[in-house]
Amino acid sequence: MYSKAYIPYRGYYSSPFVRWQGSLQNEHPIELGAATVKKWLATKNIDPKIFEYLYLGKTVGMLHTFYAAPWAAAIMGAPDIAGLHVPQACSTATTCVNLSALGVEAGAFETAFCLMVDRMSNAPHTIWPNPTGSGGTVISEDWSLDNFASDPWGGVPMIQTAENVVKKAGGITKKDCDELTVRRYEQYLNALANDREFQKRYMFPVEYKKSKKETVTLDADEGVTPVVREVMATLKTVIPGGVHSFGAQTHPADANCAIIVANKDKAKELSTDKNIEIQIISYGFARAPKAHMAMAPVPAARMALEKAGLDVNQMKAIKTHNPFAANDLYMANEMKIDVMKFNNYGSSLIYGHPQAPTAGRGIIELIEEIVLLGGGYGLFTGCAAGDTGAALVLKVS
């Protein structure tokens, strides 16, 4: 439960999300993210040197990650501040915001910066020494595909963890998953209405090198697949006897986003509208039973709500990280809410999952939706690798 941590209105942005092996496949995520921050801060006339600490959220290993946050701080124009590298898969952004709120609450600093970056494209193919193996044969790991395919503790692919939840909960069908995916796509289309009016409230373009001589600006999501009900019905399930087709799960992506966290006075100073106040109320976390990742958002959300002294029905808007359709279906059933009425304007099920920035974009969209609704409380929750989850409750006044 927090009383001193705030987010300035429009003190955040998200880049477009780009399907992996697309336009951002060759950009170093730290360099691209920090350079984008520098441009974004310049448009807002904010001096990067005002920030006292940087939380760099990044999950996928990349060249020079050893230097991570201090390197990013230098590129963005704040070379004198320290920082922490936070890798927590899908919950990275939620945790970065929470750590910033903890620092503000404790008086460690007045203003912190959360930068979340990741590139799922061209992820590392890592070689690990194995001197005791037969002939010293090395161990190899494909960062993306191998880790999606098997949790070393749970022992199953990520999609199997969602199917395990479906079997345990009962009552969720392939048709339910298909219908929900269609609905989530319709909600995403609402964000594109009127020349992307909703997305333009928070989305900031990125510049990438198309070739050695050409630099291109990308200002909208790339690689989102249209969801057609009739097509969804024809898709076979990935796992025989399961409920998820490839259409009812997210896709890897590349992106970056950022959120400023500060005390009340600093947040007001940095807000583009001094009459809008965004307070971080509480944080929740959880670990679901082994190989049941899709369950984790529910206990995480309940913890955050309990700490805030609030009920889920008091939330003006709810956003989730939903890599599988069953995540939202399970949560709706457990929390007795209408699955078709949350995740308005988009979710990771549709626009993709670049790991660290995913929850950040969800939190940002949650804020903007509540502003449009005239204020109130909002809940973000989502799962993460290892059957974990994290949640935030925010208040927009």
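Every number here is computed from the coordinates shown, using simple stated rules; none is lab data. Computed from a predicted structure; not experimentally measured. When we count neighbours, we look across all protein chains shown, and the Cβ atoms used for this are built from the backbone with ideal geometry, even at glycine.
Just want to confirm a number: the relative contact order over region 52-187, from Cα pairs under 8 angstrom separated by 6+ residues, in percent.
Details: 164 pairs, mean separation 28.3, N = 136.
Rounded, it is 21 percent for region 52-187.
Region 191-296: which GluC sites (Glu not before Pro) are DSSP loop and have at most 15 other beta-carbon atoms within 10 angstrom? Working shown, then result.
Details: sites: E197, E207, E214, E222, E230, E269, E277; in loops: E197, E214, E277.
Sparse-neighbourhood loop GluC sites (Glu not before Pro): E197, E214.
If you project the alpha carbons of region 42-89 onto the principal axes, what extent comes out on each, in Å, largest first?
32, 19, 17 Å, listed from the longest principal axis down.
Suppose only helical runs count, i.e. DSSP H with n ≥ 4. What mean residue ellipticity at 222 nm does that imply for the chain under -39500 (n - 2.57) per run, divided by all residues and rounded to the nearest 500 deg cm²/dmol?
Working: 12 runs with 138 residues, N = 397.
Counting only the DSSP helices, I get -10500 deg cm²/dmol.
Looking at region 307-382, which trypsin sites (Lys or Arg not before Pro) are DSSP coil and have at most 13 other C-beta atoms within 10 Å of their C-beta?
Values: sites: K307, K316, K319, K336, K341, R361; in loops: K336.
Of the trypsin sites (Lys or Arg not before Pro), the ones in loops of region 307-382 whose Cβ has at most 13 other Cβ atoms within 10 Å are K336.
Where a ≥ b ≥ c are the square roots of the eigenvalues of the C-alpha gyration tensor, would you call region 39-174 rounded, which needs a/c under 1.5, or, failing that, prolate if a/b is larger than b/c, or oblate? Each step should come with its number before you reach the end.
Details: a/c = 2.55, a/b = 1.48, b/c = 1.72.
It comes out oblate by the Cα gyration axes.
Express the Stokes-Einstein translational diffusion coefficient of region 225-341 in µm² s⁻¹, to the nearest whole number, given a Kirkwood radius over alpha-carbon pairs, 4 °C and a viscosity of 1.567 mPa s. Working shown, then result.
Values: Rh = 17.5 Å.
Taking Rh from Cα pairs, D becomes 74 µm²/s.
Can you list, by residue number, the Cys in the chain that have no neighbouring cysteine C-beta under 4.7 Å?
Lone cysteines by the Cβ rule: C90, C177, C257, C383.
Going down the table (K200/K395; K4/K44; K200/K290; K210/K268; K39/K264; K58/K210), which pairs top 28 Å between alpha carbons? Present the calculation step by step, with values, prior to reporting the outcome.
Numbers: K200/K395 22 Å; K4/K44 24 Å; K200/K290 40 Å; K210/K268 39 Å; K39/K264 25 Å; K58/K210 24 Å.
Beyond 28 Å between Cα atoms: K200/K290; K210/K268.
Can you sort F285, F17 so the residue with the fewest Cβ neighbours within 10 Å comes first?
Values: F285 19, F17 29.
Ascending number of Cβ neighbours within 10 Å: F285, F17.
Projected onto the charge dipole of region 74-202 (+1 at Lys/Arg Cβ, -1 at Asp/Glu Cβ, origin at the Cα centre), which of T126, W153, Y185 gives the Cα projection farthest towards the positive end?
Ranked along the dipole, the leading option is Y185.
At 7 Å along Cα-to-Cβ for each site, give me the label-to-label distance between L84 and N130 in nm.
Roughly 3.5 nm, to one decimal.
To the nearest Å, what is the center-to-center distance of region 97-171 and region 214-266, using C-alpha atoms only?
About 18 Å separates the Cα centre of region 97-171 from the one of region 214-266.
Which value, in debye to the nearest 20, gives the size of the charge dipole of the chain about its Cα centre, when Lys and Arg are +1 and Asp and Glu are -1 at the Cβ? Provide the component values of the computation, followed by the final result.
Working: 38 positive and 39 negative charges, 49 e Å.
Result for the chain is approximately 240 debye, rounded to the nearest 20.
Go through region 321-331 residue by residue and turn each phi into a ³J(HN,Hα) via Karplus (6.51, -1.76, 1.60, θ = phi - 60°); whole Hz please, and just put x for glycine and proline.
Coupling constants for region 321-331: 8, 10, x, 10, 4, 4, 3, 6, 5, 5, 4 Hz.
Given R₀ = 51 Å, what would the calculated FRET efficiency be for R229 paired with V138, taking r from the Cβ atoms and rounding to 0.05? All intermediate terms of the calculation are to be shown ahead of the outcome.
Values: r = 48 Å, r/R0 = 0.93.
The formula returns an efficiency of 0.60 here.
Explain nothing, just the number: relative contact order of the chain, from Cα pairs under 8 Å at least 6 residues apart, as a whole percent.
Values: 961 pairs, mean separation 109.9, N = 397.
Once normalised by length, the contact order is 28 percent.
Among H244, S271, F204, whose Cα sits farthest toward the positive end of the charge dipole of region 167-287 (+1 at Cβ of Lys/Arg, -1 at Cβ of Asp/Glu, about the Cα centre)?
Result: H244, furthest along the dipole toward the positive end.
Rg and Dmax of region 239-287, using alpha carbons, in Å: what are they?
Cα-based Rg and Dmax for region 239-287 come out at 19.5, 56 Å.
Please give the FRET efficiency for E186 paired with E214, using the beta carbon to beta carbon distance and R0 = 41 Å, rounded to the nearest 0.05.
0.70
Which of rounded, prolate, oblate describes region 179-256, given a ≥ b ≥ c as roots of the alpha-carbon gyration tensor eigenvalues and a/c under 1.5 marking rounded, otherwise prolate only if a/b is larger than b/c?
Values: a/c = 3.12, a/b = 1.69, b/c = 1.85.
Here region 179-256 falls in the oblate category.
How would you rank 76-87, 289-300, highest first, on the average number of other Cβ atoms within 10 Å across their residues?
Numbers: 76-87: 17.7, 289-300: 24.0.
With the highest mean Cβ count within 10 Å placed first, the list reads 289-300, 76-87.
Need the full-extension length gain, E222 to L102, defined as separation in residues times 0.36 nm minus the C-alpha distance. One decimal, nm. Walk me through the numbers before you get to the answer.
Numbers: separation 120, 0.36 × 120 = 43.20 nm, distance 3.50 nm.
So the extension gain works out to 39.7 nm.
Report, for region 226-382, the % of DSSP beta bridges that are antiparallel, rounded to 5.
On the way: 2 of 9 bridges.
Approximately 20 percent, going by the DSSP bridge assignments.
Starting from region 152-221, pick out the trypsin sites (Lys or Arg not before Pro) whose DSSP state is loop and whose Cβ has at most 13 other Cβ atoms within 10 Å.
Numbers: sites: K167, K168, K174, K175, R183, R184, R196, K200, R201, K209, K210, K212, K213; in loops: K210, K212, K213.
Here the trypsin sites (Lys or Arg not before Pro) that fit, given the DSSP loop and packing criteria, are K210, K212, K213.
Where the centroid of each part is defined by its Cα atoms, how far is region 286-328 from region 39-70 in Å?
Centre-to-centre (Cα) distance: 29 Å.
Using only Cα atoms, figure out Rg for the chain and give it as a multiple of 2.2 N^0.38 Å. Can you show the working numbers first?
Working: Rg = 20.2 Å, N = 397, 2.2 N^0.38 = 21.4 Å.
Against the compact-globule rule of thumb, the ratio is 0.94.
What's the magnitude of the charge dipole for region 1-124 around its Cα centre, counting Lys and Arg as +1 and Asp and Glu as -1 at the beta-carbon? Answer in Debye, nearest 20. Can you show the working numbers first?
Working: 9 positive and 8 negative charges, 65 e Å.
Approximately 320 debye in magnitude.
Determine the dipole magnitude for region 21-87: charges of +1 sit on the beta-carbon of Lys and Arg, -1 on that of Asp and Glu, nothing else is charged, the reference point is the Cα centre, and the result goes in debye to the nearest 20.
120
Using all C-alpha to C-alpha distances in region 313-397, build P(r) with 10 Å bins and read off the rounded percent in each one.
18, 55, 26, 1
Mind listing the long-range amide H neighbours of H353? Cut-off is under 5 Å, sequence gap 5 or more, other chains count too, H placed in the peptide plane at 1.01 Å from N.
So H353 has HN proximity to H251, A253.
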